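**Q** This is the structure I want to talk about, given as structure tokens.
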Amino acid sequence: MSVPPQFTLDSLIDETLWLDEVQSTNSFLVDRTTAGSALALSWNQTAGRGRLGREWVSPSGGSLALSLALWPELVPKPVTPEWLGALSLVTGASLADAIRPHLSEPVRLKWPNDVLIGAKKVAGILGEVSVDGRVVVGVGVNVSLTQDELPTEGATSLTLHGFQPVSQLQRVISAFVGGLRDTLKGLEGGLTREKRAWVAEQCDTVGREVRVEFPGGATRNGTAMSLDDTGRLLVHFDDSNLVEGVDAADVIHLRSAH
Ligand code: BTN
């Protein structure tokens, strides 16, 4: 892709900011004090941040960093960890819905916040809250990275699956932002039964045997059964008779349980 497309989404959000270079589009919006919704985008993010304090590597020019300061009227006050958990899932589901029409391969979710093409990760999501209670949700999408440019073995990019970014990217982003805005209406009380079903049916983790790696280093194997209304993964662990909710962990897909 020679010239990355730049566009605005005036009808959906108050401000669109294209940044030539930025350390992190999430930090940029978290640190800004402007009220109202905003979209920050960059093809050159130099210190991207991922989940659980990890770094997110966006090779320059082929990976899009996009952060959205959410519409204040759609953010609960105060923001609860449960709402943030649900936000991460509906953001992934909205992004997967926006990408899917442009590809012939399955676009699925890996709990809690990865978008997959086949078994490989094409996008990751990080939601954050500023000190004054604004919520920024950031998405890193590998758009046109070649095989050699991919940051990890488990990653892929849209163009490696036939996506034509110049003509289609604006449509993907506006479908994503518009879809997310519609989904946030009515999310105050967590995931409704309908929204849970919508996320669960595209979540590749549900129905799988999984290894759950907890932040302290412990691991447990089990079967991912479903999601609850705060976005936790409900797992029937092999070492227990109970189904337990998991909220902050890494999940490794082992095999389909069926
Ligand atoms: C993950 O998979 O661990 C989440 C990755 C989130 C990366 C995006 S890129 C845009 C925004 N800015 C950041 O610093 N992080 C998010």
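The values are calculated or read from the model by the stated rules, or taken from the named source; none is laboratory data. As the structure is a prediction and not an experimental result, all values here were calculated from the model. Here the Cβ is made from the backbone with ideal geometry for all residues, glycine too, and neighbour counts use every protein chain on show.
**Q** Residues in region 46-86 that are over 17 Å from the mean Cα position of the chain (by Cα) and not in a helix (DSSP H, G or I): how many?
**A** Here the count works out to 13.
**Q** Return the residues of region 206-224 that are part of a strand (DSSP E or B) and either charged (D, E, K, R) or crowded, with 17+ Cβ neighbours inside 10 Å (or both); say none if nothing qualifies.
**A** Correct list: Arg208, Glu209, Val210, Arg211, Val212, Glu213, Arg220, Gly222, Thr223, Ala224.
**Q** Further question: Do we have any residue at all in region 24-37 that's crowded, with 17+ Cβ neighbours inside 10 Å, at pLDDT 95 or above and part of a loop (DSSP other than H, G, I, E, B)?
**A** yes
**Q** So, one more: Residue by residue through region 36-65, note down the ones that are small (Gly, Ala, Ser), more than 17 Å from Thr156 (Cα to Cα) and more than 9 Å from the ligand (Cβ to nearest atom).
**A** Matches in region 36-65: Gly36, Ser37, Ala38, Gly53.
**Q** So if I check each of Ser94, Ser104, which one is modelled with pLDDT under 95 and either touching a Cys at 6+ places or on another chain (Cβ under 6 Å) or not in a strand (DSSP E or B) (or both)? Lay out the reasoning, then the answer.
**A** Details: Ser94 fails: modelled with pLDDT under 95.
Being modelled with pLDDT under 95 and either touching a Cys at 6+ places or on another chain (Cβ under 6 Å) or not in a strand (DSSP E or B) (or both) holds for just one of Ser94, Ser104, which is Ser104.
**Q** Answer yes or no as to whether Glu105 is more than 15 Å from the ligand (Cβ to nearest atom), touching a strand residue (DSSP E or B) at 6+ places or on another chain (Cβ under 7 Å) and over 22 Å from Asp228 (Cα atoms).
**A** The answer is yes for Glu105.
**Q** On the basis of being out of contact with any helix residue (DSSP H, G or I) (no Cβ under 7 Å at 6 or more places or on another chain), within 19 Å of Leu227 (Cβ to Cβ), modelled with pLDDT of 95 or more and not in a helix (DSSP H, G or I), does Leu116 make the cut? Before you say what the answer is, go through the steps one by one.
**A** Numbers: out of contact with any helix residue (DSSP H, G or I) (no Cβ under 7 Å at 6 or more places or on another chain): yes; within 19 Å of Leu227 (Cβ to Cβ): yes; modelled with pLDDT of 95 or more: yes; not in a helix (DSSP H, G or I): yes.
When the stated conditions are applied, Leu116 passes them.
**Q** Taking the condition within 10 Å of the chain's Cα centre (by Cα), within 14 Å of the ligand (Cβ to nearest atom) and either touching a residue at least 40 places away in the same chain (Cβ under 8 Å) or crowded, with 23+ Cβ neighbours inside 10 Å (or both), does Leu89 pass?
**A** yes
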